[in-house]
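All remarks here apply to the structure that follows.
Computed from the coordinates by the stated procedures, all read-outs in this text should not be read as laboratory data. Small disclaimer: the values here were computed from a predicted structure and weren't measured. Cβ coordinates were reconstructed from backbone atoms using ideal geometry, including for glycine residues, and neighbour counts include every protein chain displayed.
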């Protein structure tokens with residue numbers, strides 16, 4: 001069995017995609033230093049989190065064996081290993097204990113990446129909007145404070161003290177690590193450096209450039225996406241299709257590059273979240289969890305910069321963003337169509353038709 005396993009349990013929107021992509025892109029370098037990041041595909045860790053949280057293996061089909069495959073790979077490994085997905089944050093204490101016991105006799109270290117709630121919740125709303133949510137930001141925050149949000153975007157995945165308590169029932173407190181997400185303006189690689197500090201990864205020789213950028217939307221672009229959501233029909237309402245075409249294509253490839261002005265919360269919402277952030281820090285200190293980074297990173301400033309709110313964006317502003325988006329999509333469709341037509345011209349049947357046409361020009365009538 002692996003000597004140690006670092007179990008990264010979230011939370012969503014705390015740099016998890018950045019960390020996971022960096023490790024996935026450097027799997028061979030990790031193996032060379034005795035560190036296993038198991039899985040045939042990156043999504044194996046996501047499916048493993050579903051199994052740990054009680055999803056039916058039958059409903060998951062071939063993905064229902066993801067957790068067992070990861071455990072077997074770690075059982076055959078003699079060095080260190082890592083399991084990482086943000087949706088492990090929603091595991092109950094009983095599910096967390098069962099997951100840790102499945103990795104015995106490895107020494108399991110739980111790692112949670114966290115940032116202050118004032119930065120966190122706009123990012124969580126934006127991610128929900130790219131997927132299945134149709135809530136405006138005001139609606140989303142109202143439901144958040146009422147603890148009425150469903151699934152991955154609820155307090156079940158964001159309540160840092162509760163998540164730490166659940167996992168600390170499975171491993172000793174001294175092996176439950178909190179990594180703070182650096183504040184805005186910090187060096188881009190600082191979160192990765194903190195991750196290496198807690199895991200002991202040596203990143204010399206790593207490719208740290210080709211990392212997926214989970215782009216944020218500006219206020220206008222987010223408002224445009226919110227306006228679009230009720231008009232999606234047919235397959236575009238299905239979750240896998242939404243992930244590929246609404247989230248990744250329209251959100252990341254079309255709207256993201258517009259680099260719109262960053263948005264913020266209502267002043268009263270920001271203040272409520274600031275108070276919750278202070279309580280989060282107090283809970284971490286009182287429990288005695290080891291911290292990598294600075295707990296001050298988790299306390300937002302009392303005075304927040306004035307930023308536009310997506311719910312206040314005008315129709316004219318959305319129209320301007322939509323025109324830019326349409327032009328981008330026309331260029332994308334043109335490029336795909338040109339490639340498709342070029343491939344069609346290269347098929348044997350197409351070549352045969354061209355030969356026949358040329359021959360007819362020279363044959364006697």
Would you kindly calculate the translational diffusion coefficient of region 72-193, applying Stokes-Einstein with the Kirkwood radius from alpha carbon pairs, for 10 °C and a viscosity of 1.306 mPa s, and quote it in µm² s⁻¹ without decimals?
97
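Stretch residue 339-residue 102 to full length: gain in nm at 0.36 nm per residue minus the Cα-Cα span? Numbers along the way, then the final one.
Working: separation 237, 0.36 × 237 = 85.32 nm, distance 4.89 nm.
Fully extending the segment from residue 339 to residue 102 adds 80.4 nm.
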Which percent of Cα-Cα pairs in region 23-133 sits in each 10 Å bin, short to long?
13, 39, 35, 14, 0
Of the candidates 343, 142, 53, which one comes out as most mobile in a Gaussian network treatment of the chain with C-alpha springs shorter than 10 Å?
343
So what is the orientation-averaged projected area of the chain, using the convex hull of its C-alpha atoms, in nm²?
24.4
Compute the acute angle (0 to 90°) between the alpha-carbon long axis of helix 219-228 and the principal axis of greatest extent of the alpha-carbon atoms of the chain; round to the nearest 10°.
70
What is the distance in Å between the Cα centres of region 1-73 and region 276-339?
26
Region 155-293 pair-distance distribution - Cα-Cα, 5 Å bins, rounded %
2, 7, 11, 13, 15, 15, 16, 12, 6, 1, 0
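Report, in deg cm²/dmol and to the nearest 500, the calculated mean residue ellipticity at 222 nm for the chain, where each DSSP H run with n ≥ 4 adds -39500 (n - 2.57) and the sum is divided by the residue count.
That comes out to -14500 deg cm²/dmol.
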The computed P(r) of region 84-129 puts the percent of Cα pairs beyond 13 Å at 68
Ascending count of other beta-carbon atoms within 10 Å, so fewest first, for 73, 13:
73, 13
Take the chain, connect every pair of alpha-carbon atoms lying under 10 Å apart with a spring to form a Gaussian network, then pick out the residue of 104, 62, 222 with the largest mean-square fluctuation.
62
Cα-based Rg / Dmax (Å) for region 132-188:
15.2, 41
Given a cut-off of under 8 Å on Cα pairs at least six residues apart, what relative contact order in percent is computed for the chain?
21
Neighbour-count ranking [beta-carbon atoms within 10 angstrom, fewest first] of 297, 135
135, 297
Most mobile of 326, 284, 163 in a GNM of the chain (Cα contacts under 10 Å):
326
Could you tell me the center-to-center distance, by alpha carbons, between region 228-244 and region 143-222 in angstrom?
27
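Which value results when the Cα radius of gyration for region 275-337 is divided by 2.2 N^0.38 Å?
So the Cα radius of gyration is 2.07 times the expected 2.2 N^0.38 Å.
For a footprinting-style exposure proxy, rank 216, 157, 56 by other Cβ within 10 Å, fewest first. Intermediate results must be reported in sequence, preceding the final value.
Numbers: 216 19, 157 22, 56 10.
Listing 216, 157, 56 from fewest to most nearby Cβ atoms yields 56, 216, 157.
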Which angle between 0 and 90 degrees, to the nearest 10, do you get for helix 16-25 versus the longest principal axis of the chain when only C-alpha atoms count?
70
One point scatterer per Cα, no solvent, Debye formula: log10 I(q)/I(0) for region 206-260 at q = 0.15, 0.18, 0.21, 0.23 Å⁻¹ comes out as -0.47, -0.64, -0.80, -0.90
Would you kindly compute the Cα radius of gyration of region 231-289 and its largest Cα-Cα separation (Dmax), both in Å?
18.8, 51
Stokes-Einstein diffusion coefficient for region 219-365 at 20 °C in a medium of 1.002 mPa s, Rh from the Kirkwood formula over Cα pairs: what value in µm²/s?
104
